[in-house]
1. Could you pull out the residue among 197, 264, 189, 251 that is open to solvent by less than 10 Å² (accessible area, probe 1.4 Å) and hydrophobic (A, V, I, L, M, F, W, C)?
2. Which number in (1) exposed (fewer than 15 other Cβ atoms within 10 Å of the Cβ); (2) not in a helix (DSSP H, G or I) marks the one condition that residue 119 misses?
3. Can you name every one of the helices (runs of 4 or more DSSP H) wholly within the stretch 156-275 that holds 3 or more residues which are modelled with pLDDT under 85 and closer than 30 Å to residue 116 by Cβ?
4. Go over the candidates 56, 31 one by one and state the one that is outside any helix (DSSP H, G or I) and either open to solvent by 10 Å² or more (accessible area, probe 1.4 Å) or modelled with pLDDT of 95 or more (or both).
5. Filter the stretch 167-186 for residues that are open to solvent by less than 40 Å² (accessible area, probe 1.4 Å) and either more than 24 Å from the chain's Cα centre (by Cα) or charged (D, E, K, R) (or both) and give the result.
6. Being open to solvent by 40 Å² or more (accessible area, probe 1.4 Å) and within 30 Å of residue 93 (Cα to Cα) is the filter here; which residues of the stretch 34-53 pass it?
7. Which of (1) open to solvent by 10 Å² or more (accessible area, probe 1.4 Å); (2) part of a loop (DSSP other than H, G, I, E, B); (3) under 23 Å from residue 196 (Cβ atoms) does residue 77 not meet, given it meets every other one?
8. Quick check: is even one residue across the stretch 85-105 hydrophobic (A, V, I, L, M, F, W, C) and surrounded by fewer than 20 Cβ atoms within 10 Å (Cβ to Cβ)?
Amino acid sequence: MRQFIQNKYFLLIFIAIIWGSSFILIKKILPVFDPYQIGAFRAGLSGLLLSFIGFPALKRMSKKDVFWIALSGLFGNFLVVFIFPIAQQGVSSSLAGIINALDPIFTLVLGAILFGIRNKVIQYTGAIIGLIGAIILVYSSNSGNGENHLYYTVLLVIGSALYAVAALIIEKKLHHIKSTDISTGIYTIWMVPSLLILSFSGFFTDIDYSQNETLTALGYLVFLTVISTTLVMFLFFKLVQDTSAVFVSTISLLLPVVAVIWGILDKEKFTVWYAIGGLLILISVYLIREKKNKSLERNKNCAQQRTELKSN
């Protein structure tokens, strides 16, 4: 087993499969638990598991750094952990996985608007291609379900934009802090609000845990939290330490592929327009990342945190 963990390609594929499977797992959990129970459970339990690292890390930080960590966690963890289950009530898991890949595009655009970050023409070209792909997905998804379906798809796009805002905060305000401290600090800060929401959500009072369907969904939820959100995070940081930021950024390209494969296996609707929109987004992400290789290598901490944010 140790030789597999030491193999960077095994780790890359393993992490991509686990994180890319989160969308199909949410789909399987939703018939039993509502989006607020799913999000609160994931954020609350992750905080409990990681607080032994998060509390000491937060104590070493200034109040200003803690503020920025809390703000990045609000956008990149706390809000999106509810947004994606809410959205997946109305869209397929494969579409959710594809739209999740919009993060680098929003990072590029919002970085230029909010922070005046300069980029190359080819990167803006990639962003335009990606936005066209997103528009295709939004409108092609709105077939047969009216405005409600469109609402859920737009909600996914907003969630992806929030990931980008969180990544920009980390890059501009927290670049001097280790990514492990940022991640564990975020989970620790938002642990208490999440547990409060969970306690008032009916998770402990309104769910019949004697049913096999409930226990199966609970198992998926525990796996999604303990394995996908918590354990794999440490494997991810090992991969970052052993390789490069550019190599690790490949995970963002693999996540939607895994999500689509799971969707097809689960007999989800997958139209040619989904394929075209998804392909345009992947081309866009490639163009944006390809031209940022040198800057990613210089700022490895920011690159790894940007990818890790999307594990949620």
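1. Values: 197 fails: open to solvent by less than 10 Å² (accessible area, probe 1.4 Å); 264 fails: open to solvent by less than 10 Å² (accessible area, probe 1.4 Å); 189 fails: open to solvent by less than 10 Å² (accessible area, probe 1.4 Å).
Exactly one of 197, 264, 189, 251 is open to solvent by less than 10 Å² (accessible area, probe 1.4 Å) and hydrophobic (A, V, I, L, M, F, W, C), namely 251.
2. For residue 119, the failing item is (1).
3. On the way: elements: 179-189, 191-200, 212-222, 232-242, 245-265.
Correct list: 245-265.
4. Working: 56 fails: outside any helix (DSSP H, G or I).
Every option except 31 fails the conditions.
5. Here is the first cut: in the stretch 167-186, the ones open to solvent by less than 40 Å² (accessible area, probe 1.4 Å) are 167-170, 174, 177, 179, 181-186.
Passing the criteria: only 181.
6. Going through the stretch 34-53, the residues open to solvent by 40 Å² or more (accessible area, probe 1.4 Å) turn out to be 34, 36, 45, 48-49, 52-53.
Of everything in the stretch 34-53, those that are open to solvent by 40 Å² or more (accessible area, probe 1.4 Å) and within 30 Å of residue 93 (Cα to Cα) turn out to be 34, 36, 45, 48, 49.
7. Condition not satisfied by residue 77: (2).
8. Start the filter on the stretch 85-105 by keeping residues that are hydrophobic (A, V, I, L, M, F, W, C), which leaves 86-87, 91, 95-96, 98-99, 101-102, 105.
Filter once more, so that each one left must be surrounded by fewer than 20 Cβ atoms within 10 Å (Cβ to Cβ): 86.
Yes - at least one qualifying residue is present in the stretch 85-105.
The values are calculated or read from the model by the stated rules, or taken from the named source; none is laboratory data. Quick caveat, the model's predicted, so the values are computed rather than measured. Positions of Cβ are generated from backbone atoms using ideal geometry, with glycine treated the same way; all protein chains shown enter the neighbour counts. These accessible areas exclude ligands, DNA and RNA; they are computed on the full protein's heavy atoms, side chains included. Shrake-Rupley method; radii C 1.70, N 1.55, O 1.52, S 1.80 Å.
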